1. For Asp324, which sequence-distant residues (separation of 5 or more, or a different chain) have an amide H within less than 5 Å of its own amide H, given hydrogens modelled in the peptide plane?
2. Over all directions, how big on average is the projection of the convex hull of the alpha-carbon atoms in the range 112-218, in square nanometres?
3. Between Gln187 and Ala87, what FRET efficiency comes out of the Förster formula 1/(1 + (r/R0)^6) with R0 = 22 Å and r the beta carbon distance, rounded to 0.05?
4. Using a 1.4 angstrom probe on heavy atoms only, work out the carbon and sulfur share of the accessible area of the range 177-253 in %.
5. Using only protein heavy atoms and a 1.4 Å probe, report how much of Phe86 is accessible, in Å² to the nearest 10.
6. On the first, second and third principal axes, largest extent first, how far apart are the outermost C-alpha atoms of the chain in Å?
7. Tell me, what % of the accessible area of the range 67-111 is carbon and sulfur with a 1.4 angstrom probe?
8. Whole number in Å², please: accessible area per residue of the range 2-378, 1.4 Å probe, ligands, DNA and RNA not counted.
Amino acid sequence: MARFLLSAADLAYRAARPLVFTMDAQAAHDLFVRVMRVGDSAGIFPAMARVMRRAVESGTAPVTAGGVSLPSTVMIAAGLVKGDGFADEDAALRAVEAGRNIIPGWRLMPALCGAVEFGSYTRWPRLGNPGRVIWRDAGARSTQNRVGLKNPGARAAAAFLAAHKQDLPDVFGLNVAVSPGVADPAQERDEAAEAFSFFVAAGLTPAWFTLNVSCPNTEDDPRGHQTRDRTRALCQAVGAVIGGHGPLWLKISPDLGDAQLAALVETCAETGVRALVTTNTLGQPAPSDPSLTAGVGGGRLHPAALDTCQRIAHLRDQTDAPLDIIGCGGALDGAAAHDFMQAGASAVQLYSALIYRGLLAASIVSHELDLQAKLHQDA
Ligand SMILES: Cc1cc2nc3c(=O)[nH]c(=O)nc-3n(C[C@H](O)[C@H](O)[C@H](O)COP(=O)(O)O)c2cc1C
């Protein structure tokens, strides 16, 4: 039954996709955010989404990864459900007090897709980059974005989610990114820790917390955040704040050298990080202006993300640290997700697949992954 429903959804989206793609990627994204906002409204939409998910998820096996019991191996990566941009914290908090939905998708997307990583949130709100910030390269089933961590800020995001605590999904993640443009490592550490502290103080109980040190779409070179000293200070400070409230995952870049990856694995082992999310998008020249950087996701990212996953797995296997890998980057179908699992990942995240496979991408890829695993077992 589940397979039949997923095949029907897959076929329906394949038929609709040429029409969806007549809109440019930015317009389609903006429209989708509006759809999520409507879809969050209490009542019929989340309930329908939940029924749909239960039907398509029957048969998917739960998995334990990064210290979390997940309903399925495939989940939604950070970046989709993160919220509106604000210029300052007071404006964001006023919007929460006024009852505005500042995190479109918070109710609809988990109901429809299962486990979703919310965020990234930064210590201070951000409007993100101006102008066009999202592109797609359909031939390569890729995306490119320079959204630039647009978000309402951690304090307002925590207040909003706390106000809706009783309607939050059972299993979700919370992703916090380091503050862009902060050169002082101590300030970077303190702001990241403070951002996490708002969620803890609000009594939120995510299944996991992710620290994002790898966004390529701001004024920073993300490789600078991922040095041994900076990452150790960040993970220690954040670990102290989240304590027993949930495991910490670390999200890294797809273009790090061997020495930097070795330092990160050692740092994770030292500081108790339970999973590395490999990877964020790959910074490349933006299609609109090659002097700007925009992160590539999807098919064009997959080789680099997989290579990072493989190198991390090799390093991890030389330690006895309980460090899992969450494969992320171009998991567009069961074969690509299977690549990650073969390379040592325990679970998979996806974003671009939502654009190329439709809203049920996580369930579709999850079922395809099961088929791949069976095929390889039989071979
Ligand atoms: C429009 C867009 C916005 C994103 N924003 C974030 C973000 O705020 N935080 C983050 O950790 N990753 C963010 N990402 C990266 C994704 O979580 C993911 O790591 C990346 O897209 C690779 O997965 P994919 O190939 O399945 O798209 C974003 C990706 C896209 C396409």
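The values are calculated or read from the model by the stated rules, or taken from the named source; none is laboratory data. As the structure is a computational prediction, the values presented were derived from the model and not from experiment. Cβ coordinates were reconstructed from backbone atoms using ideal geometry, including for glycine residues, and neighbour counts include every protein chain displayed. These accessible areas exclude ligands, DNA and RNA; they are computed on the full protein's heavy atoms, side chains included. Shrake-Rupley method; radii C 1.70, N 1.55, O 1.52, S 1.80 Å.
1. Distant-sequence amide H within range of Asp324: Gly66, Ala275, Leu276.
2. 8.0
3. Details: r = 21 Å, r/R0 = 0.93.
Efficiency, rounded to the nearest 0.05: 0.60.
4. Values: 1280 of 2590 Å².
For the range 177-253, the apolar C and S fraction of the accessible surface comes to 49 percent.
5. The accessible area comes out at roughly 20 Å².
6. 53, 53, 44
7. Answer for the range 67-111: carbon and sulfur cover 45 percent of the accessible area.
8. For the range 2-378, the solvent-accessible area averages 39 Å² per residue.
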